[in-house]
Amino acid sequence: MMGVHQPQAELFSYQVNLEKRVRLDHPLRQIARAVDFTFVRAEVASLYGHNGNESVDPAILMKMMFLLFYDNVASERELMSVIPERLDYLWFLGYGLDNEIPDHSVLSKARCRWGKAVFQRLFISTIQQCMAAGLVSGDKLHVDASLIRAHASKDSVIKSCPELIAAYSAAYQVAEKKLNDPADRPCYEPINDRMLSTTDPDAALVSKGGLGSHPAYHHHRAIDDAHGVITALESTSGSIAENKKLMDLVQEHQQNTGCQPKVVVADHKYGTSENYVACHQKGLVTHLGDAKAKAAKLEGIFPESQFKYQPKDDTFLCPTGKTLRRRRYIKRQRVWEYAAVKGVCTECPLRAQCTRSKTGRTLSRHEHADILEQCRAQAHSLAAKRDRGRRQYLLEGSFADAANNHGFKRSRWRRLWRQQIQDYLIAAIQNIRIMLARSILKPAASAVIALEKLVLLEVGHALNVIGALWMVYHQSDDFGRI
């Protein structure tokens, strides 16, 4: 006889056990075992008073913001409406079926009260756990950056003279101080001198890929070579060039891991003279792409390699044998400029193949040219090309994972300090997932190995006992009679 279920709401239910409703291999179970979210209580205890209404447990608030990016929930309002429907969320938060879910506004208030330091501490703790699990080598570092579209429309950007933009941004900060919680300290830094977004003044107007300009932030990231663990990050305005943060990321990696990197890997945007010299001074092997090699070259014009440098008298010889002498020092670029005597280039028969300038050909030589030559030799080595190939899928894969699974490419909130919180949360989640995938998510295999070792140990012990008994029996009189 076919049964037909009659749906009917139960008046009472005394046998709902969330511990049994959430499967044993659920990812949130493993996250709960791997991450201690209660650390936040000690971190923010000084920010709460001793009288008045009790707040929501800070550990629960941290877990809620973790879920917001872990499952890429569209908004905090939606998260609060989804929590009562998800038994795994309720179990993870420590709630029961009848517990009241707080309003979504408690999350924004908690961020304003706590600041970014608590989330940075969560990120650093995931690095330490990955190191304890043997997932960080620390000697080879991959560096790159990615643009993040700000939570602001292009229509919010105003354009004016630098003086009016500076006055407007100052007035914006004064108004914000009155509206925000005292713990919320504005962190505005001048970005574009002539343009400013009225809704998010920390975001700079950036154009990339022919898609038009829009307010954006720059996310700078460094990952370890062993398993792609994120060891350092920095969030800046979109107007900050990515190659300006290379050494800051190297220093942050050293602080977070306690390991001095030996090799730095990045694309050609980082292969500037400034970065080459800075890496050499810190004893780093530079597997950076060469920005100079990527620069556009004029067709039909002699390259600089055709000019021979004479170290004895600090001059260059052009293809026709004429001498180019040091003329001046350019402080901003830290280079010496070389040129021929006036009139030499004008009368040269190879002028059309050498320069298109009316005044003649000029060359520049960096003040640390010997160091640059050594670093560029490292950059063009076979090992450097192999490392840059690995960086392409390792680091780009890290960005793609963050974008596809955790809402990385779009800011949820406004202002730079909130963007830093978002980046810390996403990076911490990615590190936890790497840790779970590499170690904790494979308990069955480790249990089998342990069981095999135990069986082999017991079998070996049994064989030793049998051997000993055989020797005793062999030496006895009974064995002789047989």
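Odds and ends about this structure:
- Checked against a 25 Å cut-off, the cross-linked pairs Lys63/Lys109; Lys140/Lys244; Lys269/Lys308; Lys269/Lys385 give Cα-Cα distances beyond that limit for Lys269/Lys308.
- Net charge, Ser81 excluded, C-beta distance under 14 Å - Lys, Arg +1, Asp, Glu -1: -4
- Model label zone, Ala34; criterion: amide N under 15 Å from point 7 Å along Cα-to-beta-carbon; scope the range 405-421: none
- Simple Cβ-charge dipole of the range 18-114, Lys/Arg +1 and Asp/Glu -1, about Cα centre, in debye nearest 20: 200 debye
- Estimated from the Cβ-Cβ distance and a Förster radius of 30 angstrom, the FRET efficiency linking Asp88 and Arg121 is about 0.70.
- Amide H contacts of Asp144 (H built 1.01 Å from N, under 5 Å, at least 5 apart or other chain): Arg221
- Fewest-first ranking of His218, His280, His50, His142, using other Cβ atoms within 10 Å as the exposure measure: His50, His280, His218, His142
Values in this text are rule-based calculations from the coordinates and carry no lab data. The shown structure was predicted, so the numbers you read here are calculated from the model rather than taken from an experiment. Because the Cβ atoms are built from the backbone with ideal geometry, glycine has one as well, and the counts that use them run over all protein chains shown.
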